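The values are calculated or read from the model by the stated rules, or taken from the named source; none is laboratory data. Since this is a predicted model, take the numbers as computed values, not measurements. Neighbour counts run over all protein chains shown; Cβ positions are idealised from the backbone, glycine included. With ligands, DNA and RNA removed, areas are computed over all heavy atoms of the protein, side chains included. Shrake-Rupley method; radii C 1.70, N 1.55, O 1.52, S 1.80 Å.
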Amino acid sequence: MKAWPVRWACLAGALALVALAYLPGLRGPFVFDDFPNILNNPAVALTGLTPQALLTAALSNHSGPLGRPLAALSFGLDHYRAGGFYPLAFKLTNLAIHLLNVLLVYAIAVRLARRLGAGEGAVAVGLFCALLWGLHPLQLTSVLYVVQRMTSLAGTFTLAAVLCWIEARARWGGGDAAPASVPTHRTAFPWLLACGGFFVLGVFTKENAILLPLYLAVIEWCLWRPTAVDDAGRRAANRFFMLTLLAPLLVGLALLAVRPGLLLDGYASRPFTLGERLLTEARVLWVYVGLIALPTPARLGLYHDDIEFSTWLLDPWTTLLALDGWALALGAAFLLRRRAPVFTFGVLWFLAGHALESTLVPLEIAHEHRNYLPSLGLIFAAVYGVAALARRMGHRPVYGALGLAAGAALGFCTFGQAAAWASDEAIIEALHRHHPRSPSAQQMMGELMFKRYGQPARAAAHYQRAAELAPWEAGYAIRAIWARRAAGELGPTEVEVQAIAQALRERPVPPTTLIALQNLADCARTDDVACRDMLAALLYWLDAAQANPRLAAMPRQQVWMSYGQVCLETERYAQGLVWVQSAYRHSGLPVYRLMEANFLMLQGDLDGAAALLADVARMPHLTAEDREHIAVLDGAITARRAQKPPADRAPG
């Protein structure tokens, strides 16, 4: 494939096939986490491109430690460009990002294949690698699930940085990008500068871009062998990795030694410990390998919370088998580094890509989008291995046809999966059909039956099944009781109330439980009879949740706020007053003093409310929202004073 027109025509064809595979899902709706991150985030609704509006949009997301400002800004720009929250506009941007990544994968794969000695066959390796990677159904959520642009856009910057590194490394010595007569350090510097720039952009898009130095170390160790000619380049690379890998690792370990809560506190809301997560992830990584090798629709899904937790090496027994398997894979990778460097590269690249989200960080156990970049290592190794076998045996057309057949199979699978993303009902029903033991699938079916189809009795059955599959998750039991009551059955029994309260008081309180409590609290503030009937149980559960010592500060504040708002809307002023006073003693936040003033006013203690309001106004570090609430309450107190009959007023 020497002719450039043929090469570009093949690449354009690959891009067209990838775009076609995702076509059925482009007109699908926003779903699930798109709502809190995009639709319910007013700062993203850009109507102008003023510096202040752009900055506000960029800083409006609270995902991750850095807030992922570039991803949030891209959502705002999509809103501005489309003139509203139109899913097609957002998904077209996601598809464009993925197609750009296909081009970057092609450019990287060609250079890696040349480095490994593929010669003229490097272009074919690059084309097939880009095609199979782009068509693979594991990439679907990074394209059609709008919020997962955080993953794909971070992948763009990471791939661009990898490409720049390869160019810079070749100019240091031992590459095919520059002849030996070229002044190496001078020509490498712009590429290194670009690599660093893309790295920063990636980190501010999603934190897993911080794995870039690990990816580069894999390339260096597998593809650049130390030689006498290459010593200068190796020394420069070693200095780079000491700065970007070793130094941050030592700083991170020192920080965790001083403040272990930075890592361990996140496990307070998880139903597994750090040790259990690490054991489980050994099995999960093999699940990912299986999905990359054989991505059948029955095994794919938005959630994989039907994977059993590993509590010990033999519970389940596959835990030990998985650990032994990775020990063998790593041992083979190290032993075959010189004889089969592409195998070593594939294994180490895959594991490097999972070094953050599949190890210590207290995230959910498994998600398909975590394989967006890690899958590239295994796909490249497979494509290169088949190409090398074809060169050796002299049957290139046969192996080319095999590659096209694999691409067609992956494309049809992705096309079918994309069709299910045409509606949220289809997504949920497919997930429930293929993963009936997933608590999330059962819960989502319950939501569909309850809120979309108006069938609370069927919803209750799904919620109850979710509660049985995940007994540590009190939110499912709460929703089951709520749906039963909405279906006309009796409210919660005393046994159920106490069981849920005990779980809220003693077990981890995950986000799904907090959302269930918040939804029930919002409903109880309306005229819904079923929710009003559960009011006493709700307040008891909120009290139990706030007493949980494992509950973090922000969720605890959410529980306090829900309790106070329910008391306010249901005219339980004395009960609410005691509650917000306790919340203020524990938190020191002015919002609870403002709620206390409101309760005092509603009970007729206008002087006490005014005095308290004056105290709040003197508090330091008040936000603009706090000052606005002070003004509103002050006006309400003044209006109530004016409404009092003269005889009721205090003598002047």
Per-residue [θ]222 nm for the chain (sum of -39500 (n - 2.57) over DSSP H runs n ≥ 4, rounded to 500): -22000 deg cm²/dmol
Computed Rg/Rh of the chain, alpha carbon atoms with Kirkwood Rh: 1.03
When the convex hull of its Cα atoms is projected in every direction, mean area for the range 45-123 (nm²): 7.5 nm²
D_trans [Stokes-Einstein, Kirkwood Rh over alpha-carbon pairs] for the range 1-136, 4 °C, 1.567 mPa s, µm² s⁻¹: 76 µm²/s
Kyte-Doolittle mean at least 0.5 and Cα axial length at least 27 Å: DSSP H helices in the chain: 4-22, 87-116, 149-172, 184-203, 274-293, 374-393, 396-420
Carbon and sulfur %, accessible surface of the range 514-575 computed with the full protein complex present, 1.4 Å: 52 percent
Translational diffusion coefficient (Stokes-Einstein; Kirkwood radius from C-alpha pairs) of the range 473-587 at 20 °C, 1.002 mPa s, in µm²/s: 153 µm²/s
Orphan Cys of the chain, criterion: no other Cys C-beta under 4.7 Å: Cys10, Cys129, Cys222, Cys413, Cys567
Whole-number accessible area per residue in Å² for the range 494-652, which is evaluated in the context of all protein chains at 1.4 Å: 52 Å²
Highest-first arrangement of 246-255, 432-441, where packing means the average Cβ count within 10 Å: 432-441, 246-255
Contact order normalised by residue count of the chain, Cα under 8 Å, 6+ apart, percent: 12 percent
Gap separating the Cα centres of the range 267-345 and the range 388-457, nearest whole Å: 21 Å
